Amino acid sequence: MSNEALIVIDMLNDFVCEDGALYIGETVGKIIPEIQKKISKCRESGIPVIYVCDNHDEDDAEFEMFPKHATAGSRGAEIHKDLRPRPDDAVILKKRFSAFFGTNFEELLKEKEIDTLELCGVCTNICVLYTCADARARGLSVRVDRRCVDTFDRAAHEFALKEMERTLGAKII
């Protein structure tokens, strides 16, 4: 039997709100209610909900590639109001694409004996994809519900879903 967790990736104001620095676009609004359902179901079943959030320094090197976003302490770095964590939910702050890089995410999963992740959030082809790759490299099972992920570019979204399924062995539902 597996021990699973729901991983909510970068559902932050800068990605989800129209005035956000890296607003995904109107399609992101469709995934919020789907993620809300997942969170509710997990909480009812006692499955941990873990939030993984961009949290950049003012001079982060990532801003050489992307507009400044999710800077520590800013409104843009806050989890969207419709998906806020509860006090017993873990929140992991990250500075790079993968939830595993430079964080205590892996230790948290080991402590909770979690071996199966369901990933949701944004961006499908960036933080979701690279978190999936690092999870699979560690032997974890990964599931992604296509109704619960989104990105800026439809072609990149579809490519990432195929890559996670065909190359990384994630289950896409």
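For the chain, give the magnitude of the charge dipole about the Cα centre (Cβ charges: +1 Lys/Arg, -1 Asp/Glu; no others), in debye to the nearest 20.
680
Quick check on packing: order 57-66, 88-97 by the mean number of other C-beta atoms within 10 Å, highest mean leading.
Output ranking for 57-66, 88-97: 88-97, 57-66.
For a quick check, take a GNM of the chain with Cα springs below 10 Å and name the residue from ALA156, ALA137, ALA21 with the largest mean-square fluctuation.
ALA137
As a quick test, which of the pairs LYS37/LYS81; LYS38/LYS81; LYS110/LYS162 have an alpha carbon distance above 20 angstrom in this structure?
Pairs exceeding the cut-off: LYS110/LYS162.
Name the cysteines of the chain that stand alone by the Cβ rule: no other cysteine Cβ under 4.7 angstrom.
When partners are defined as cysteine Cβ atoms under 4.7 Å apart, the chain leaves CYS17, CYS42, CYS53, CYS123, CYS127, CYS132 without one.
Using a Gaussian network model of the chain with C-alpha springs under 10 Å, which one of CYS123, CYS42, CYS132 is most mobile by mean-square fluctuation?
Top of the fluctuation ranking is CYS42.
Counting alpha carbon pairs within less than 8 Å and at least 6 residues apart, what relative contact order, in whole percent, applies to segment 4-172?
After rounding, I find 26 percent.
Nearest 500 deg cm²/dmol is fine: what mean residue ellipticity at 222 nm does the chain get from its DSSP H runs of n ≥ 4 alone, each adding -39,500 (n - 2.57), divided by its residue count?
-8000 deg cm²/dmol, from helical runs alone.
Cut-off under 18 Å on the C-alpha distance; same-chain residues fewer than 8 positions from LYS95 excluded. Which lysines are left, in chain and number order?
LYS95 reaches LYS68.
So if the hydrodynamic radius of segment 4-172 is defined as the Kirkwood radius over C-alpha pairs, what does Stokes-Einstein give as its diffusion coefficient at 37 °C and 0.692 mPa s, in µm² per second?
My calculation gives 209 µm²/s for D.
All of the numbers you see were taken from the coordinates with simple rules; none came from a lab. Worth saying up front: this structure is predicted, and the values here are computed from it rather than measured. Quick reminder, even Gly has a Cβ in these numbers, built from the backbone with ideal geometry, and neighbours come from all protein chains shown.
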